[in-house]
């Protein structure tokens, strides 16, 4: 499931893995990742298009992809390239732009 998404990483040590999936399955994927403490933080990039990002540390990127592969047996998900816009998701702008994005006040 590896794509060019790793090349989009600008903050050392963080590997964003972008995933498209049915909107109804976003919560399930988030809950599964929460049960694997420390593997990745899941953020919703676009709830209407059902695009999420798993922000994994470089050490856990393979583990995060293995979790996604396991989930794909019951959830129609696929890894995608980074979307051109990350909308209001300041955390993702921060990761992709080397900390140049300002957090909300």
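The length gained by stretching the chain between residue 69 and residue 35 to full extension, at 0.36 nm per residue less their Cα-Cα distance, is 10.6 nm. Note on residue 62 and residue 24: with the Förster distance fixed at 25 Å, the Cβ-Cβ geometry gives a FRET efficiency of about 0.35.
Since every read-out is calculated from the coordinates, none of them should be taken as a lab result. Since the structure is predicted, the reported quantities are computational estimates derived from the model, not experimental observations. Glycine also receives a Cβ, built like all others from the backbone with ideal geometry; neighbour counts cover every protein chain displayed.
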